[in-house]
Amino acid sequence: MTRAQIILVTLLGYKIVLVSVGLWASRRTHDTRDFFLGGRKLGAWVAALSASASSSSAWTLLGVSGAAYAWGLSALWLFPATLSGFLINWLWVAPRLMHRSRETGSITLTEFLAGEPTHPLFKSVIRFSTLVIVFSFLFYIASQFQAAGHAFASAFGTSPNTSIAIGVAVIVLYTLLGGFWAVSVTDTIQGLLMATCALILPIVALTAAGGFDALADGLRSASPAAQLSLTGGRSGFVALAFILGTLGIGLGYPGQPHVVNRFMALRDPAALRLGKTIAILWAAIIYSGMLLVGLCGRVLFPMITDNEQVLFEAADRLLPAVGAGIMIAAVLSAIMSTADSQLLVATSSLSYDLRRASGLPDEAAGAGLRHSRYVVLAISATAMLLGMFAPAAIFSRVLFAWSALGSAFGPLLILRLAGMRTSTAGALASIATGFTLTVIAHFAFPLAPGDWIERLVPIVCAFLVAWIAPRESGRPAPAPVTPATK
């Protein structure tokens, strides 16, 4: 068998496993509550790995390794940035959201944040939140489909558009079949595969580079002086802005609907306790591994023109054909584990949240599932066209969508979980402030060091708006939930 054939067989086997999971999950999906939240029965391993894989997209495997290749040592700030996000989510957000979402019966993050259903602005919060989610996820999902094109083109020389279409077909198939269960279980498989990639490839690359001492020597000789600095050659305020802007990535984690919905679906406190250990360990392995791949790639392959191809280059040159197939499958795992979760959240916003905002009764189980599946198809088709005909750098496009969601929903979620009853009008103002300022900053200040304006200013302003907004009148605010009171 040729190298391409071996890679193809490996990928086909992997796809068969995913579709099989979708068929299995379809038997456990009876209504929209199952389709969107899995009946709140997620165990520790599935919750931890699916939430982790969902938050760590192709941006992690291709973008982070590519950033390390292009930036040099200053990319190391990405490690505390991402790990801090996992710590905030699992140590503070998860125990509180698991408890409060059960109290309120909320199925989606939007429903949880919207406040009192009787408030005149409740429907406006739902509708604007849906706009934020669909807008952001179209860009996010399109970047995943674009990364799928890179993966297939690297392995088989196919056109990016053909590769995108193939990847979309597989993702949509198992998402349609099993909804939340299919997405969560397949994300668990994909999370394990990503961890395997992040353990094996860095070790192979570091060995090829001659170890840490040889890597350091190689970086000094192969890299510009700016790449040998933790600030990328910046100084003064510009250096501080770069560091704070990069660390600001971690602040966006609580506002990611496709991640925090796993906390709402956790089975019990025992699953939470084990899940947080698994998730934090997984994050440390993934991000340190991808940074090391990028730095080793700088020494081993100094002439790469597209820095986001360094992982493919390392897998192709340093591993046998089966190993290269596994690495490509890992990249596709990162793509699918994020895209499927985002498809599900965007679908829940359009088919469940908007229905509530319109005051319509819940659909019958069969009709609700059909409606949800039609929405999955529509969103997938739109994102596929965006990925095909409006390509952009994966790293920057993902972080734009990430920042928009984090600034829109994160501050309000944190205050709600802390027991503060921000009024529905204040909730709408906070969401609108965070989202709108992120969009403005992204297009008005594209060259800000570390994108600090985009990642810090909107989220701080949204937090202040929610903080100073009037409190909801009526029944007293619930006490803040802590692990001890659960």
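The values are calculated or read from the model by the stated rules, or taken from the named source; none is laboratory data. Every value quoted in this text rests on a predicted model; they were computed, and no experiment measured them. Heads up, the Cβs are rebuilt from the backbone with ideal geometry, glycines too, and the neighbour counts pull from every protein chain shown. Accessible surface areas use protein heavy atoms only, side chains included; no ligands, DNA or RNA. Shrake-Rupley method; radii C 1.70, N 1.55, O 1.52, S 1.80 Å.
Write down the accessible area per residue of region 296-348 in Å², having rolled a 1.4 Å probe over the full set of protein chains.
26
If you roll a 1.4 angstrom probe over the protein chains with everything in place, what fraction of the accessible area of region 91-178 belongs to carbon and sulfur, to the nearest %?
On region 91-178, the fraction of accessible area on carbon and sulfur atoms equals 66 percent.
All other residues with a Cβ under 12 Å from the Cβ of residue 346 taken together, and with Lys, Arg as +1 and Asp, Glu as -1, what is their net charge? Display every interim value, and only then the final one.
Working: positive: none; negative: 340, 353.
Surrounding charge for residue 346 is -2.
Taking 0.36 nm per residue of sequence separation and subtracting the Cα-Cα distance, how much length would be gained by fully extending the chain between residue 377 and residue 118, in nm to one decimal? Kindly include the intermediate steps, with their values, before the conclusion.
Numbers: separation 259, 0.36 × 259 = 93.24 nm, distance 3.26 nm.
Once the chain is fully extended between residue 377 and residue 118, it gains 90.0 nm.
So, R0 is 51 Å and r is the distance between the beta-carbons of residue 220 and residue 169; what FRET efficiency does that work out to, to 0.05?
0.65
In Å², what does the accessible area per residue of region 84-174 work out to with a 1.4 Å probe?
For region 84-174, the solvent-accessible area averages 32 Å² per residue.
Say each of residue 161 and residue 212 gets a label point 7 Å from the Cα, pointing the same way as Cα to Cβ; how far apart are those two points in nm?
If labels sit at residue 161 and residue 212, their model points lie 4.9 nm apart.
Taking a probe of 1.4 angstrom, what is the accessible area of residue 90 in Å², to the nearest 10?
Answer for residue 90: close to 10 Å² accessible.
What is the gain in length, in nm to one decimal, between residue 102 and residue 270 on full extension, counting 0.36 nm per residue of separation less the C-alpha to C-alpha distance?
Here the answer is 58.9 nm.
Per residue, what accessible area does region 376-420 have, given a 1.4 Å probe and all protein chains present, in Å²?
Accessible area per residue, region 376-420: 27 Å².
What shape does region 186-317 have by the C-alpha gyration tensor, where a ≥ b ≥ c are the square roots of the eigenvalues, rounded means a/c under 1.5, and otherwise prolate means a/b greater than b/c and oblate the rest?
Oblate is the answer for region 186-317, as a/c is 1.5 or above yet b/c matches or exceeds a/b.
Ranked from highest to lowest mean number of other Cβ atoms within 10 Å per residue, what is the order of the peptides 192-204, 258-270, 52-64? Don't skip to the answer; put the middle values down first.
Working: 192-204: 20.3, 258-270: 23.3, 52-64: 28.5.
In descending order of packing, they fall as 52-64, 258-270, 192-204.
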